[in-house]
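These notes concern the structure reproduced below.
The values are calculated or read from the model by the stated rules, or taken from the named source; none is laboratory data. Owing to the predicted nature of the structure, the values given are computational and were not obtained by experimental measurement. FYI the Cβ positions are ideal-geometry reconstructions off the backbone, even for glycines, and counts take in every protein chain you see. Heavy atoms of the whole protein, side chains included, go into the accessibility calculation; ligands, DNA and RNA do not. Shrake-Rupley method; radii C 1.70, N 1.55, O 1.52, S 1.80 Å.
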Amino acid sequence: MAETETPEKTSSTQREISVEIPVEVVNRETEAVIQKFQKMARLPGFRKGKVPATVVRQRFAEDIKTEVVEQLVPRYFREETEKQGLHPVSQPRVTDLHLHEGEPLKFKAKFEVLPDFEVQGYHEIKIEKPNVSVTDEEVEKTLNHLREQNASYNPVEGRPIQDGDFASVAFKGTPQGEAEGQPVTMDDVMVEVGGSNTIPEFSENLRGANAGDERTFVVKYADDFSDQRLAGKSFDYWVKVNGIKTKSMPELSDDFAKELGAEFTSIDDVRKRIREGMESEKQHQAEHESKDKLVEELLSRNPIDVPEALVEHQIDLRLERGLRALAQQGMKTEDMRKMDFARLRAGQRDAAKKEVQVALLLEKIADKENIEVTDEDVEKEVQILAAQSQQAVEALRQKLIKDGTIDRMRNRIRTDKAMDLVYNRATQ
């Protein structure tokens, strides 16, 4: 049996233990390794499997020592941490290794553990319940947006452009004073003359023009213009009017409602659906913001240390999600390899540490509140994920079980339940 010392507590998450493995254990393991080497060794003058133990011990001394260490150190490290009730969350860093013939094997091991703490004050947190009411004006604004989306554009002939008309134009804009500046070109675009979102120079120069007319003018863009490619620059524009159109908006009628979808029989049905959707969206956003405030309050009441190994793992997960998103947007693998990952990791550290802290706090709350996750909870999540990824439920379930994702999913559901419990109490 190994002899141990009480673990040294270098911080709330770091431990160091000293382990001594009895000499008889070391000798027994050494003999077993030598016998294995005897069976495998090929040396001049000896048949395979017939090399004397003394020759093997001398010839392969360092290899034997290395294998004895590899066999004994992990085993006795694990046994001793279990005996002392320690739960490492990082690989041990072995130091002061002492292995000499006829002596016990001694070593020290440094590793990280979860912080030992009691979560404080989560019962007392109070935050204002968010207001998610939707006004009639908001509903009507969205309804008018639907009318805009379903508007028709009718040609106008026999008169010049006037305010409120939509000019169908082709144009080319060339930046002044930039020999290699990129021009801005469009073959066919609708410009609302006099519209609130239309650049004034376009309205001024198109007003009174007829189909087939051409105009040239200069636009000086403000320094804070929304499009950074144009901000602070002057462009020479050539514009040709291809046609003139007026916009016709559909009437707010039951017929319009039916055109929007078979589930609608009246315009009031559309209003109801709009209101429900806006309330749901507001509820989701308000709850997200309120939970952010709740997290900050929870962290301020419980400033806990976290193991560096968990922070590094969380950084890995965040980077993996980010790279996957970039790949879905079309970024090539070779371009990803050129990224400064050291800088990216540093930029993720604070957020990753905070996520680990919150997860540990919520796990502790879940323990105190006896929160459990049922198989039905997990199955519901699997079905949602299967629908989102368009995969068969059973095939996805087996994949999640095989790669261990199902366990992480169960843990996440549990911490989500803990967050919901604290949130509901805080907003009562």
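Summing Lys, Arg as +1 and Asp, Glu as -1, what charge do residues with Cβ under 14 Å from the Cβ of Val68 carry, Val68 excluded? Taking every Cβ under 14 Å from that of Val68, the sum is -3. Along segment 335-348 the Karplus relation, 6.51 cos²θ - 1.76 cosθ + 1.60 evaluated at θ = phi - 60°, assigns HN-Hα couplings of 6, 5, 5, 7, 6, 7, 6, 4, 5, 4, 5, 4, x, 8 Hz to successive residues, with x for each Gly and Pro.
Given DSSP loops and a limit of at most 14 other Cβ atoms within 10 Å, what is the longest stretch of the chain that contains no such GluC sites (Glu not before Pro)?
Numbers: sites that count: Glu5, Glu101, Glu118, Glu124, Glu128, Glu157, Glu178, Glu180, Glu251, Glu263, Glu369, Glu372.
Longest site-free region, per DSSP loop and neighbour criteria: 264-368.
Taking only C-alpha pairs under 8 Å that are 6+ residues apart, what is the relative contact order of the chain in percent?
Values: 545 pairs, mean separation 61.9, N = 428.
Relative contact order of the chain: 14 percent.
Between the C-alpha center of segment 169-205 and that of segment 295-318 there is a gap of 50 Å.
Can you sort Lys36, Lys332 by solvent-accessible area, 1.4 Å probe, largest first? Intermediate values should be presented prior to the final figure.
On the way: Lys36 85, Lys332 120 Å².
Ranking Lys36, Lys332 by accessible area, largest first, yields Lys332, Lys36.
DSSP loop trypsin sites (Lys or Arg not before Pro) in segment 228-262 with at most 16 other Cβ atoms within 10 Å of their Cβ, which ones? Before the final figure, lay out each step's value.
On the way: sites: Arg229, Lys233, Lys240, Lys245, Lys247, Lys258; in loops: Arg229, Lys233.
Here the trypsin sites (Lys or Arg not before Pro) that fit, given the DSSP loop and packing criteria, are Arg229.
Here Cα extents along the principal axes in Å was computed from the coordinates, and among [x] 86, 54, 44; [y] 69, 51, 44; [z] 111, 61, 43 the match is [z].
Of the listed peptides 398-411, 159-172, what is their order by residue-averaged count of other C-beta atoms within 10 Å, with the highest listed first?
Working: 398-411: 13.3, 159-172: 17.5.
The most tightly packed comes first, giving 159-172, 398-411.
Cross-link check: pairs Lys141/Lys282; Lys83/Lys368; Lys368/Lys417; Lys282/Lys417; Lys36/Lys106 evaluated at a Cα-Cα cut-off of 19 Å; pairs beyond the cut-off: Lys83/Lys368; Lys282/Lys417; Lys36/Lys106.
For segment 215-303, what relative contact order do you get, as a whole percent, if you take Cα pairs closer than 8 Å and at least 6 residues apart? Each step should come with its number before you reach the end.
Working: 57 pairs, mean separation 13.4, N = 89.
Answer for segment 215-303 is 15 percent.
If you take the square roots of the eigenvalues of the alpha-carbon gyration tensor of segment 28-167 and sort them as a ≥ b ≥ c, do you get rounded (a/c under 1.5), prolate (a/b over b/c) or oblate? Intermediate values should be presented prior to the final figure.
Values: a/c = 7.03, a/b = 2.54, b/c = 2.76.
Oblate is the answer for segment 28-167, as a/c is 1.5 or above yet b/c matches or exceeds a/b.
Residues whose amide H falls under 5 Å from that of Asn242, counting only those 5 or more places apart or on a different chain, are Ser168, Val169, Ala170, Gly212, with hydrogens built in the peptide plane. In order along segment 215-230, the phi-based Karplus estimate (6.51 cos²θ - 1.76 cosθ + 1.60, θ = phi - 60°) of 3J(HN,Hα) comes to 9, 10, 6, 10, 10, 9, 7, 5, 4, 9, 4, 4, 8, 5, 5, 10 Hz; Gly and Pro are listed as x.
Under a Cβ-Cβ cut-off of 13 Å, what is the net charge of the residues other than Asn154 that fall near it, where Lys and Arg count +1 and Asp and Glu count -1? Value of the local net charge: 0.
Can you give the helix-only mean residue ellipticity at 222 nm for the chain, where every DSSP H stretch with n ≥ 4 adds -39500 (n - 2.57) and the sum goes over all residues, rounded to the nearest 500 deg cm²/dmol? Write out the running numbers ahead of the final one.
On the way: 13 runs with 212 residues, N = 428.
Helices in the chain give a 222 nm mean residue ellipticity of -16500 deg cm²/dmol.
When both segment 331-410 and segment 69-144 are represented by their alpha-carbon centers, they are found 16 Å apart.
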